[in-house]
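Engineer: Dropping a structure here in structure tokens format, bear with me for questions.
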Amino acid sequence: MRYFNEIPDLENYDIVVGIPSYNNATTISHVASVAAKGIREMGLKGLIANSDGGSTDGTQQVFMETNTEGVDKITLRYNGIPGKGSAIRLLFEITHKSQAKVFIMLDSDLRSVEPWWIERLAQPIISNKTHYVTPLYLRHKYDGTITNNICYPLTSSLYGIKIRQPIGGDFGVSGELINIYLSKPEKTWETHVARFGIDIWMTTIAINESGKKPVQAALGAKVHDVKDPGKHLQGMFIQVVQTLFDLMIEYEHIWKNVRNIENVEVYGSQPSQVVEEIKVDLENLKRRAIETVSERKDRIGYLNQEIVSKVLSKGTI
């Protein structure tokens, strides 16, 4: 296979844990050291790989200086459109070149990651139960805006698979499924898949092409750098939803025949935890709603005008 990124010669590994990053110097060392402990506890030969987007805060240096107690690590800067998807493409290529059986992806801003997360995300693949493991978190109701309102209900209803966190950010992927991802046309990486569309792209392909049902891993609470939906999620929303709709076209022949929604197996049990409180600027959300509806009033005449009037006056229904 011809790789898009420049990758040095690598040994063969059982597992690769990939951490995409951009200016995550304050958190990446913790994620890497915990991942290393999880790999050691499983008794696997592992590699921790950092795919960086040109950080200016020393993220790569901090990563390489992290004590992983004998677990190999590598950091590279990815090629392509700046974005999460391009970073993960490099991690796919590293996994493929190392002939690893399992790839684990962890967000670089995680503060709640535990060593046992590695086992939860990897074991269903190692035991040949599945090719794809999605996270199942305990989350605050305001955490996961795009997941809760769009990706979870649409993915479940379209493909008949009830995956609670289809864009959760922390996944387990088999080497076989990595091959499918890397076989997709080059133009794929010129779309929103190269940015925040990557997670829903991975999940949708896993559902429809891997040949096995995904498994969910119970990971407890996810504590990370949360985003206020009114201030930080506009670009992500566009990238995720556009990718989801593009995939609907590609897999139309499948979802048109779906009649039932099946539950997905959960591996492990959830620990008893209290989720972190999330503060949302509600006044900003209302103000943005009024501004957006006002700007597009001429284009939404098909909507119920009573609802439109309420939004224009109060910023809420």
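Engineer: May I ask you to list the residues in region 120-131 that are in contact with a Lys or Arg (Cβ under 8 Å, 6 or more places away or on another chain) and crowded, with 22+ Cβ neighbours inside 10 Å?
Structural biologist: ILE125, THR130, HIS131 - these are the residues of region 120-131 that are in contact with a Lys or Arg (Cβ under 8 Å, 6 or more places away or on another chain) and crowded, with 22+ Cβ neighbours inside 10 Å.
Engineer: If you don't mind, there's one more thing I want to ask. Can ASP57 be described as assigned by TED's automatic domain parsing to the domain that holds SER210 and within 21 Å of LEU219 (Cβ to Cβ)?
Structural biologist: no
Engineer: In the set VAL280, VAL258, VAL275, which member is modelled with pLDDT of 90 or more, part of a loop (DSSP other than H, G, I, E, B), within 32 Å of the chain's Cα centre (by Cα) and surrounded by 11 or more Cβ atoms within 10 Å (Cβ to Cβ)?
Structural biologist: Sole residue among the options that is modelled with pLDDT of 90 or more, part of a loop (DSSP other than H, G, I, E, B), within 32 Å of the chain's Cα centre (by Cα) and surrounded by 11 or more Cβ atoms within 10 Å (Cβ to Cβ): VAL258.
Engineer: Would you check if there is a residue in region 17-28 being in a helix (DSSP H, G or I) and either among the hydroxyl-bearing types (Ser, Thr, Tyr) or out of contact with any Ser or Thr (no Cβ under 7 Å at 6 or more places or on another chain) (or both)?
Structural biologist: Looking for residues that are in a helix (DSSP H, G or I) and either among the hydroxyl-bearing types (Ser, Thr, Tyr) or out of contact with any Ser or Thr (no Cβ under 7 Å at 6 or more places or on another chain) (or both), one finds none in region 17-28, hence no.
Engineer: For region 124-171, give me each residue that is outside any helix (DSSP H, G or I) and of a type in the set (Gly, Ala, Ser).
Structural biologist: Scanning region 124-171 gives SER127, GLY144, GLY160, GLY168, GLY169.
Engineer: Filtering region 51-104 down to residues that are assigned to a loop (DSSP other than H, G, I, E, B) and hydrophobic (A, V, I, L, M, F, W, C), which residue is surrounded by the most Cβ atoms within 10 Å (Cβ to Cβ)?
Structural biologist: Filtering region 51-104 for residues that are assigned to a loop (DSSP other than H, G, I, E, B) and hydrophobic (A, V, I, L, M, F, W, C), the one surrounded by the most Cβ atoms within 10 Å (Cβ to Cβ) comes out as ALA100.
Engineer: Another one. Do we find that LYS45 is in the same structural domain as VAL240 (by TED's automatic domain parsing), touching a strand residue (DSSP E or B) at 6+ places or on another chain (Cβ under 8 Å), surrounded by fewer than 17 Cβ atoms within 10 Å (Cβ to Cβ) and under 17 Å from GLU11 (Cβ atoms) in this structure?
Structural biologist: When the stated conditions are applied, LYS45 passes them.
Engineer: Name the residue, out of ARG287, ARG259, that is assigned by TED's automatic domain parsing to the domain that holds ILE207 and charged (D, E, K, R).
Structural biologist: ARG259 is the lone residue from the list that is assigned by TED's automatic domain parsing to the domain that holds ILE207 and charged (D, E, K, R).
Engineer: Across region 133-159, which residue is modelled with the lowest pLDDT among those that are in contact with a strand residue (DSSP E or B) (Cβ under 6 Å, 6 or more places away or on another chain) and not aliphatic (A, V, I, L, M)?
Structural biologist: TYR137
The values are calculated or read from the model by the stated rules, or taken from the named source; none is laboratory data. Because the structure is predicted, anything quoted here is derived from the model rather than measured. Using ideal geometry, Cβ is built from the backbone for each residue, glycine included, and neighbour counts are taken over all protein chains shown.
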